[in-house]
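Note sheet for the following structure.
The values are calculated or read from the model by the stated rules, or taken from the named source; none is laboratory data. Note that the structure is a prediction, hence the values are computed from the model and not measured. Counting neighbours? That spans all protein chains shown, and the Cβs are built from the backbone with ideal geometry, glycine included. These area figures cover heavy atoms from the full protein model, side chains too; ligands, DNA and RNA do not enter into them. Shrake-Rupley method; radii C 1.70, N 1.55, O 1.52, S 1.80 Å.
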Amino acid sequence: MKKSIIFSSLAVAMTLVACNSVPQLGKDSIDDVVAAMTLEEKAHLIVGTGMAGFTGDSAVVGETRNLVPGAAGTTYPIPRLGIPAVVLADGPAGLRINPEREGDENKYYCTHFPIGTLLASTWDTQLVENVGEAIGNEVHEYGADVLLAPALNIHRNPLCGRNFEYYSEDPLVAGKMAAAYVRGVQSQGVGTSIKHFAANSQESNRMGNDAQVSERALREIYLRGFEIAVKEGDPWTVMSSYNYVNGTYASENEDLITRMLRDEWGYKGMVMTDWFGGKDAVAQMIAGNDMLQPGTDKQYQAIVDGVNNGKLDIAIVDRNVKRILEMILKSPHFADYKFSNKPDLEAHAGVTRQSATEGMVLLKNDNEALPLAQESKKVAVFGCTSYEFIAGGTGSGNVNRAYTISLIEGLKNAGLTPDESLKEEYENHIKAEEKRNAPDPKDKLSMFMPKKRPVELIPSADQMAKLVEANDVALLTIGRLSGEFLDRTKEDFNISTEERKLIEAVTKAFHAAGKKVVVVLNIGGVIETASWNAMPDAILCAWQAGQEGGNSVADVITGKANPSGKLPMTFPIAFSDHASSANFPTDGAMSQFGFDREEKDQAEKKNLWDFTKYEEDIYVGYRFFDSFGKNVSYPFGYGLSYTTFAYAKPEVKVDGDVCNLSIEVENTGKVAGKEVVEVYVKAPDAKASNKPEHELRAFAKTAALKPGEKATVKMSFNVADLASYDEAKAAWVVAAGEYTVEFGTSSRNILATAPITVAAKETKVTNLLKPQVELKTLKR
């Protein structure tokens, strides 16, 4: 009888030890180290060290979880081979670790930077790279090795619970921002993990939902951003998503992880699961999902048994182990870096404050209501969120920071005077609402969940009259909480009855006295604006701006900073206007955490819970609204400034495989400001060939231009980027003909155009990831 591989590998290890010639990682080749490992050691390295206290099923060995308390997980150390444990920690709005440690009086706070949606709204890749550098420095100095960020899934629908972490409805914006973030973080000697690969577009039943999507939509929309991030950012790791993709768990999907990511795109790094993602450890190994996090005893045993019973080739295990070791070789823990636990939090607070101002989007500014006039010092501040400003989302995207600057604090810091009587009334109201909505302390997931939003306080007519008389201007904040585990509801998307009454009451009273009203949106994703945006004088979408949010808003509304943000998604008139609205869950049901998920018969599966049909196909966001002539509240790419700009001298030239672009931008206003130039391309006969009306192909942001100053903005894109995926041909196809290059300030405001003529080109690939059900995909 053939001996077990376990005993054979143990014998090899014992022989090496006896000969005093055990290979060491970093000194000997990785192949030699892998050859010296026992099967048990390989399985342990593949399977993380567990998440004690969550499942009761933990592969934890030793005290690696105390390397950086509060980090998401660690890898398994093998000291005899010189293999240390490395620390994996949550992001993406900053490092998430515990701020307090047992027996230690020191505090270990991290900086809460702006959420991903705000960073994308800057349309400034260098700014995002700079933010990444600051985050990477904190990762490095607090002793972590890999930041589990950025997240770049597509805003398929405005109700997705994690849109606050994600960048855009457009894959070019998402991919460019993610690549910049990766470059910034990894410049500090630590790694990233781009996530969630792929089509992780909803939180409802996220661990059991099957995203049924055409291969064309996958390639053109849902995978394109990841391809850009991989090729332009070179992340150390990629995190596979929880969901199925066309019938197979993402982490068990060889088409996705090996044939697409590695073979087509050339990715050389490591792939890990999301925490408790997937179900079949052997299938994950075969697919090329190298590491399973956080790791369970069942997964460890499945790998060992799989090798011993022949279901899992030891060569596959060795391949995956090698990729893990290649990641560890780059890590600070392998280099024995002596981290300080003292990053420069004060400097980073300045980074988050300034970066946030550049991503805030001025949606309305009638009669130059903003910036506030010099004489407007007394401010009546309405809205519960003004007093409890929302820095970011909850769940793994939360950051344990030292403070959050409220809007009230920001106004005071800017020399304005908020009404004290109104402040006292709101603070008492908020305390009562928090008591009423207090979470169950026994719920171990409650720390990750968004708090319930307080009901808005509406002052009486007498109170309002006094507030109008005592103040120069009204500021009203509408807030929305963001968080993991739950998708938003239609009620959350829409303005509540109390919010509408508050906006109506404030605008009516202050306008009657000739005084202005400014609305601030402290939100993580899109909300309904069309029914009420005519009422206030100005609307500033401040998003969730991190711990300095109140200061950042004050900088914008006082004119210290000129807003230059542009929307990275469309604001529809109504939720039902979205092409995906018929195929997205709207009840806000709790996500399945699912440690022991059971397969269901097809007949038992429920639409939008167990599976979701992406029947809008490639028509996501502006690709739908602009192609089908739908009116919107605010279009993709939209955003105002305190100054104005003019475009002139558009130039377009095809040079081989590259299309080079330039245009002159002039500041025609009275104050300095920055402008984002957006370049869309319209294909010949787009409607007949079932292509979007136009698609974003390039963008760039100017430096701050003084009044009268001009700048020539240069950009480029590859001619191959014009291709559509043809499923019948299994090829990327660039149609021959004349394309129109459009220079604009939004997808609906094109200021200059130029034609280019392109030859036909066809690039063959292999059809992968076919949907398992019939899809009635949307066509023009």
Inset, instruction - Give the percent of DSSP beta bridges with both residues in the chain that are antiparallel, rounded to the nearest 5. - result: 60 percent
Inset, instruction - Taking the Cα atoms of the chain, report the difference between the largest and smallest coordinate on each principal axis, in whole Å and largest first. - result: 94, 69, 54
Inset, instruction - With label points built 7 Å along Cα→Cβ from the Cα atoms of residue 646 and residue 231, find their separation and express it in nm. - result: 3.8 nm
Inset, instruction - Enter the angle in degrees (range 0 to 90, nearest 10) between the Cα long axis of helix 497-512 and the first principal axis of the Cα atoms of the chain, meaning the one along which they spread out most. - result: 30 degrees
Legend entry - the chain, helix-only ellipticity at 222 nm - DSSP H runs n ≥ 4, -39,500 (n - 2.57), divided by all residues, nearest 500: -7500 deg cm²/dmol
Inset, instruction - Read phi for every residue in segment 259-264 and hand back ³J(HN,Hα) as whole Hz from Karplus 6.51 cos²θ - 1.76 cosθ + 1.60, θ = phi - 60°, with x for Gly and Pro. - result: 5, 7, 4, 8, 6, 7
Inset, instruction - Using only Cα atoms, find the angle between the long axis of helix 5-18 and the longest principal axis of the chain, and express it within 0 to 90 degrees, rounded to the nearest 10. - result: 80 degrees
Inset, instruction - Step through the residues of segment 79-88 one at a time and calculate ³J(HN,Hα) from phi using the Karplus curve (6.51 cos²θ - 1.76 cosθ + 1.60, θ = phi - 60°), rounding each to whole Hz and writing x for Gly and Pro. - result: x, 5, 10, x, 9, x, 7, 10, 9, 10
Legend entry - Under 5 Å, built H, 5+ apart or other chain: amide partners of residue 210: 244, 611, 612
Inset, instruction - Report the normalised scattering of segment 494-573 as log10 I(q)/I(0) at q = 0.13, 0.14, 0.21, 0.27 Å⁻¹, calculated by the Debye formula with identical scatterers on the alpha carbons. - result: -0.46, -0.54, -1.14, -1.37
Legend entry - Residue-span extension gain [residue 657 to residue 432] - 0.36 nm each, minus C-alpha spacing: 74.7 nm
Legend entry - Amide H contacts under 5 Å for residue 731, placed H, 5+ residues apart: 726, 765
Inset, instruction - Just name one of 525, 654, 348: the one whose Cα is farthest towards the positive end of the charge dipole of the chain (beta-carbon charges, Lys/Arg +1, Asp/Glu -1). - result: 654
Inset, instruction - Find the relative contact order for segment 265-424 and round it to a whole percent, using C-alpha pairs within less than 8 Å whose residues are 6+ positions apart. - result: 16 percent
Legend entry - log10 of Debye I(q)/I(0), alpha-carbon scatterers only, for segment 448-540 at 0.13, 0.16, 0.17 Å⁻¹: -0.48, -0.69, -0.76
Inset, instruction - Using every Cα-Cα pair within segment 340-406, state what percent have a distance larger than 19 Å. - result: 57 percent
Legend entry - segment 226-352 - percent of accessible surface contributed by carbon and sulfur, probe 1.4 Å: 49 percent
Inset, instruction - Quote the relative contact order of segment 241-330 in percent (integer), defining contacts as alpha-carbon pairs under 8 Å separated by 6+ residues. - result: 27 percent
Legend entry - Rg [Å, one decimal], Dmax [Å, integer] - segment 217-288, C-alpha atoms: 11.5, 32
Inset, instruction - Hand me the GluC sites (Glu not before Pro) from segment 374-431 located in a DSSP loop with no more than 15 other Cβ atoms within 10 Å, in residue order please. - result: 375
Inset, instruction - Pairs of Cα atoms under 8 Å, at least six residues apart: use those to get the relative contact order of the chain, whole percent. - result: 15 percent
Legend entry - Farthest toward positive dipole pole in segment 716-780 [+1 Lys/Arg, -1 Asp/Glu at C-beta], among 756, 771, 732: 771
Inset, instruction - Could you state how much accessible area residue 220 has, in square angstrom rounded to the nearest 10, with a 1.4 Å probe and all protein chains kept in place? - result: 20 Å²
Inset, instruction - Scan around residue 197 for amide H atoms under 5 Å from its own, H built in the peptide plane at 1.01 Å from N, and keep only partners 5 or more places away or cross-chain. - result: 239, 240, 241
Inset, instruction - Please sort by residue number the GluC sites (Glu not before Pro) in segment 623-716 whose DSSP state is loop and whose Cβ has at most 16 other Cβ atoms within 10 Å. - result: 709
Inset, instruction - Report, to the nearest whole %, how much of the accessible area of segment 643-712 belongs to carbon and sulfur atoms, 1.4 Å probe, protein only. - result: 47 percent
Inset, instruction - Kindly provide the chymotrypsin sites (Phe, Trp or Tyr not before Pro) of segment 366-450 that DSSP labels as loop, not H, G, I, E or B, and whose Cβ sees at most 15 other Cβ atoms within 10 Å. - result: 403
Legend entry - Summed side-chain charge close to residue 35 - residues other than residue 35 whose Cβ falls under 10 Å, Lys, Arg +1, Asp, Glu -1: -4
Inset, instruction - Could you give the size of the charge dipole of the chain about its Cα centre, using +1 on the Cβ of each K and R and -1 on the Cβ of each D and E, expressed in debye and rounded to the nearest 20? - result: 600 debye
Legend entry - Difference of contour (0.36 nm per residue) and Cα-Cα distance, residue 342 to residue 500: 52.3 nm
Inset, instruction - Would you kindly work out the equivalent ellipsoid of segment 464-598 from its C-alpha gyration tensor and give its semi-axes, the square roots of five times the eigenvalues, largest first in whole Å? - result: 32, 18, 14
Legend entry - Note, ³J(HN,Hα) from phi for segment 425-436, Karplus 6.51, -1.76, 1.60, rounded to Hz, x at Gly and Pro: 5, 5, 4, 5, 5, 5, 4, 5, 5, 5, 5, 5
Legend entry - Chain lengthening between residue 761 and residue 423 when straightened (0.36 nm per residue, less Cα-Cα): 115.3 nm
Legend entry - For segment 147-283, radius of gyration divided by Kirkwood radius, i.e. Rg to Rh on alpha-carbons: 0.93
Inset, instruction - Hey, can you find the accessible area per residue of the chain for me, probe 1.4 Å, expressed in square angstrom? - result: 37 Å²
